[in-house]
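Worksheet: one structure, shown below.
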Amino acid sequence: MTVEQLPSGPRDPKIILIGLNRCATTSLHKLFQNSGIASVHWVDDQGDNLAQKMVTNIAMGRKPLDGFGSVRAFTDIAFVNARFMLDGTRFFRELHAAYPDAYFLLNTRDREDWISSRALHSNGGYLERCCKANGMGADEVKQGWRRMYDVHHAEVQAHFDGNPRFLRFDIDRDDPQVIADWLSADFDVNTAHWGHYNRGASDRARTG
């Protein structure tokens, strides 16, 4: 993978992950955070969910990421309970319109591996909540995930085609140094902090 030379940009622009959850969002969050880059993952310090806060901001006519202070990196923009499912990365167009100088990272992996990871997340609780929110069985939800994966990747890559502030990063194949080089004009990312976090089931179940 090659990275084009970026034009000089504004000081401290944002880093926005627009890959779907279960694609190393925790690992990327830790990489940024441990490199001294203020990062928010799924919820902020007050326990407010990133995806819900973003949608509320958009509904109120504010910029999507208003209210996050000095945070520079945003990861895992998702929420699901038994009544509602939100993949905030699907708002990539609104995010790009609001932050044209941000770095947009499409963190990705093999589709079937991603589906398996989602299905096992929270000891199967994530899949169960998605089934309830959609009124579907497990096989139907997984097929819906396949369609969403294909549509999301196609639309994101078409939207950002040729944009040097966009990077597609395969978490299983690509070297994290690619990310460090891509961000080097504005951020000092130390790849010594790259690792695999949150590989198994997590304790992020939500009632509802």
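The values are calculated or read from the model by the stated rules, or taken from the named source; none is laboratory data. Keep in mind the model is a prediction, meaning the values are calculated, not measured. All Cβ positions, glycine included, derive from the backbone under ideal geometry; neighbour counts span all protein chains shown. Note: accessible area is taken over every heavy atom of the protein model, side chains too, but ligands, DNA and RNA are not part of it. Shrake-Rupley method; radii C 1.70, N 1.55, O 1.52, S 1.80 Å.
Descriptive notes on the structure:
Each row is one residue, and each column tells you yes or no for (1) closer than 22 Å to LYS14 by Cβ; (2) polar (S, T, N, Q).
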{"position": "ASN107", "(1), (2)": "yes, yes"}
{"position": "HIS121", "(1), (2)": "no, no"}
{"position": "TYR126", "(1), (2)": "no, no"}
{"position": "VAL156", "(1), (2)": "yes, no"}
{"position": "GLY162", "(1), (2)": "yes, no"}
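- Condition met for ALA185 (small (Gly, Ala, Ser), over 19 Å from SER27 (Cβ atoms), outside any strand (DSSP E or B) and touching a residue at least 40 places away in the same chain (Cβ under 8 Å)): yes
- Pairing residues of the range 53-68 that are over 19 Å from ILE15 (Cα atoms) with residues that are in a helix (DSSP H, G or I) and modelled with pLDDT under 95, at Cβ distances under 9 Å and at least 6 apart in sequence or on separate chains, gives no pairs at all.
- Among the residues here, LYS63 qualifies as in a loop (DSSP other than H, G, I, E, B) and either surrounded by fewer than 22 Cβ atoms within 10 Å (Cβ to Cβ) or on the phi > 0 side of the Ramachandran plot (or both).
- Filtered residues of the range 183-199 (kept if of a type in the set (A, V, I, L, M, F, W, C) and either open to solvent by 40 Å² or more (accessible area, probe 1.4 Å) or over 17 Å from the mean Cα position of the chain (by Cα) (or both)): ALA185, PHE187, VAL189, ALA192, TRP194
- Test: residue in the range 52-60 that is at pLDDT below 95 and open to solvent by less than 20 Å² (accessible area, probe 1.4 Å): no
- In this entry, PHE79 passes the filter for residues that are out of contact with any Asp or Glu (no Cβ under 7 Å at 6 or more places or on another chain) and not charged (D, E, K, R).
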